[in-house]
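To keep things clear, I will list the structure first and then write my remarks on it.
The values are calculated or read from the model by the stated rules, or taken from the named source; none is laboratory data. Owing to the predicted nature of the structure, the values given are computational and were not obtained by experimental measurement. Reconstructed Cβ throughout: ideal geometry from the backbone, glycine too, with neighbour counts over all protein chains shown. Protein only, heavy atoms only, side chains kept; ligands, DNA and RNA dropped before computing areas. Shrake-Rupley method; radii C 1.70, N 1.55, O 1.52, S 1.80 Å.
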Amino acid sequence: MHSWRRAICCYIWVFCLLLMVAAPALARTSATLGQKAVGQPCGSLENSSDFDTLVQCTSSAAGTSGVKQTAPVILGTVTAPPYAAVACDSSKAGMLQWTGTAFQGCNGSTWLTLGGGATNTASNPFSFIDRTGVPFDTTIISNAITLGGFSGQLFAVCNPSCTGMYRNGIAVGMSANFSAGDTIAIELTSASTGLTATTASVTLGTTTSATWTVTTNPNACLGTPAIGTRCDDGTIYIGISPDGGEKLFAAPCRGGEVWNGTSCNGTSLRMQWNDGTNPDTVATGFTSQITGQANTAGLAARGFSPSPAPYQAAQFCATLVVGGHDDWYLPSRNEAEVLRVANGFGDIYLSWGNNGIWWTSTETAANTAWYMGEYAGSHSKSNFNLVWCVRRVSS
């Protein structure tokens, strides 16, 4: 009898000991389950909470597996636009979050400001005044519109081609909250071609503005412009090239000067036809008085060393990028004559004499090349003259 009692007591004692040993492990297992991260696999009952986040399992049927996802409450501050820790979609409808200034709720597709925010998610319809005749590749800012039709704040987002927004005249980037009574303006970059429209709009709450249209100037050099016409890209139409009968354009300014949209600024560069290393002995063979493009390509192909480049004037034009073009070249003797005849318009008029002559790409002898000024002449290749680049365009 005593043996039976002793056996029962022993079993109870062992069970209690096992329970004491297993309890911490069970507690750790429970805690681990309760702290599973978002995105980890889970069972239907494995919902949990952390100090700032509620997590639930996407599975709702017993015995089935799912994935941990954020439960529909976020406590804390979301400080970065568009003030959304997660995308607002149908699975997050009802989720709340704090932006640092207001609460927002997900309506199944959009974050809406709550609790002191807008009581109406739609503003009055609004539109911006279309613009025409704007310059190429330029940031254009719309007129400002005063917002109304709601109370509190609504969230605004730039739509495609809109490059920024302004709230009460201050740039606020691609998205921001607006209050009734604020003004809103948007910006875009105009097209790089003439008579081309660019459109943009902005969505405020559930209201999207009318489409804003901005159209560039017609290209002043389309068709047959007058000689001396300043084109939209700053280049100047000077006439017809003797090389192929194509339209000939001069760079906006002489080498070293910069076109600021109104005038040429800076100091003109003076360069040698070559660097003077062998000014009297090297004949290049580029003697054509017609095809400056071929002359320049041939001279540039002879390389950039020794430094400075042995054919400085030609190399300068061959590597010039201005007005959005990189096909400039040093004009031939006859193309420079076209430039001479056209010269005299506006702010780029040259005062003749030795100070107003520039190189052509036409060699006259081993030690000389053509220059152009009030008249054409020949200079030692080691002389320092101005450089004025040209380009040809098919009509």
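Using a Förster distance of 56 Å, how high is the FRET efficiency between T319 and A93, based on the Cβ-Cβ distance and rounded to 0.05? Approximately 0.40, to the nearest 0.05.
In sequence order, region 317-323 has phi-based couplings of 5, 5, 10, 6, 10, 8, x Hz under the Karplus curve 6.51 cos²θ - 1.76 cosθ + 1.60, θ = phi - 60°, and Gly or Pro positions carry x.
Segment T267..T229, full-extension length gain: 11.4 nm, with 0.36 nm per residue of separation and the alpha-carbon distance subtracted. Taking amide H as placed 1.01 Å from N in the peptide plane, the amide H of R131 sits under 5 Å from that of T213, V214, T215, each at least 5 places away or on another chain.
Ordering 127-138, 158-169 by mean Cβ neighbour count within 10 Å, with the highest value first, yields 158-169, 127-138. Round to a whole number: what % of the accessible area of region 184-295 belongs to carbon and sulfur, probe 1.4 Å? Whole-percent figure for carbon plus sulfur exposure: 51. Please label the shape of region 161-245 as rounded, prolate or oblate, based on the square roots a ≥ b ≥ c of the eigenvalues of the alpha-carbon gyration tensor (a/c under 1.5 means rounded; beyond that, a/b larger than b/c means prolate, else oblate). Because a/c hits 1.5 or more and a/b exceeds b/c, region 161-245 counts as prolate. Each residue of region 284-299 was assigned a 3J(HN,Hα) from its phi angle through the Karplus expression (A = 6.51, B = -1.76, C = 1.60, θ = phi - 60°), giving 7, x, 8, 10, 4, 8, 10, 9, x, 4, 5, 4, 5, 4, x, 5 Hz with x at Gly and Pro. Using label points projected 7 Å from each Cα along Cα→Cβ, tell me how many nm separate N219 and A294, to one decimal. Placing both labels 7 Å along Cα→Cβ, they lie 2.7 nm apart.
For E246, the residues 5 or more places off, or on other chains, whose built amide H falls under 5 Å of its own are S241. Summed over the residues of region 157-304 and divided among them, the accessible surface reaches 43 Å² per residue at a probe radius of 1.4 Å. Under 5 Å from the amide H of G164 lie the amide H atoms of E187, each residue being 5 or more positions distant or on a separate chain, with H modelled from the backbone and absent for Pro and chain starts. Using θ = phi - 60° in the Karplus curve 6.51 cos²θ - 1.76 cosθ + 1.60, the 3J(HN,Hα) couplings for region 206-216 round to 9, 9, 9, 4, 5, 5, 9, 10, 10, 10, 6 Hz; x is entered for Gly and Pro.
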